[in-house]
Amino acid sequence: MIGAILLIFVLYFMTQPLLQSLKRGKRWFSMNTMNNLFWYHMFFAAVYYIMTLTSRSDSVGYYLKPQYLSNWFEAYETGTKFIEFMAYPFINYLMFTYEMMMVLFAWIGYWGFVYFYIFFKENIKYKHTFQGYDLINVFIFLPNMHYWTASLGKGAPIFLALAMVTYGLSNLKLRKTALILGLLLVYHVRPHIFLFMVIGIVVGLFTGKQKVPFYQKFLVFAGSAVALVVMYDQIIGFVGLDGSNLLDSFDQFSNKRSFELAKANSGIDTSNYPLLLKLFTFWFRPLFVDAPGPVGLIVSFENLLYLYLALKLFSGGFVKFMTKSSALVKTGAVVFLATSLALAETLSNMGIIIRQKSMVMYFLLFIIISFMDYKKEIRVKRKQRVLELKKAREVEDLQLIQA
């Protein structure tokens, strides 16, 4: 335990110069917010650790299994084994304890919030508030997002990977390394999400409103095509599908998976739900009445916020906004919808739904706040036109008086 506490402070001091380098040239970048975010995230790491003392956690297995491997690369596979691969050198070479590994992976998850913070700030023009608080700050302090990214497991690295991809796409010219590393990490942790990310990026770059140099589009398209050809069989095999008959095998897989999870604790039988209700369940449940325990109650407040913000998409003009939106918005939309459809069809356990959706909800929030930005831009331009017309009339009146 002492080693874990010392590691928290070591990582905090290591974080400072890294944050300073990211802050360079960004007047809006708040060191105070990022430092508060660090301690907030470590608080959730402590909460998660306390929960593991009285309940089963996959993090224990991720810590124990690398100790029985004969060598580091024995764990080099995609999916669950890759977490063991990441943990191996720290456990076997640096002798990290279980508590220290929990802190280390919490730190990995923390950087996901830093990159998402930059992504939001760089691509949202106006300040939007909720109950007087900056909405972007509200997003990065949502408790459920922190709880599932503050422990030894898949949650932290996949969250960091997705954040690195969005961070790289936000400035493709200067951040190709972040984009590539992020995509590689996504592939190794969750190969099926890599597939959705690649499709989303290609769709976004070729349909987004901003002008992207042709050579960048070509490189991304060519790289994506090569990656999908090389990794296709492994991605399809990872999720247990038949590459020669994807639709039928996915239907069989989703029905089987939904039935298995429905029998577990916190299970809800969604196998007979219509698709829209499955999606609503994935995005916005639990909502108090079906909350599984105290964690579910906390998540219910968060889901209520998601629902409140999502309703803004029905205020009019959303379809027009999407047709004119940037590559980032369209990429986010493809990733969010594709992942949601896949997971909503296969998950029927409320606990797993709460955990899994943390991967994609920031994409929805980015679409929502971008739409709010779009609407505010229209209002600002309309107000400017009114002021310009008023000023023009005043000039005309003055000229008539002088004449």
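Derivation of every value follows stated rules applied to the coordinates shown; laboratory data play no part. Here the structure is a predicted model, which is why all the values come from computation and not from measurement. Note that each Cβ is placed from the backbone with ideal geometry, even for glycine, and that neighbours are counted across all protein chains shown.
Values computed for the structure shown
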item	result
Residues PHE43, PHE120, sorted so that the one with the fewest Cβ neighbours within 10 Å comes first	PHE43, PHE120
Loop-located chymotrypsin sites (Phe, Trp or Tyr not before Pro) in the range 279-346 whose Cβ has at most 15 other Cβ within 10 Å (DSSP)	PHE288
Exposure proxy ranking, count of Cβ atoms within 10 Å, fewest first, for HIS188, HIS146	HIS188, HIS146
Order of GLU99, GLU345, GLU302, GLU377 - criterion: other Cβ atoms within 10 Å of each residue's Cβ, fewest first	GLU377, GLU302, GLU99, GLU345
Qualifying trypsin sites (Lys or Arg not before Pro) in the range 1-99, DSSP loop, other Cβ atoms within 10 Å at most 15	ARG24, LYS26, ARG27, ARG56
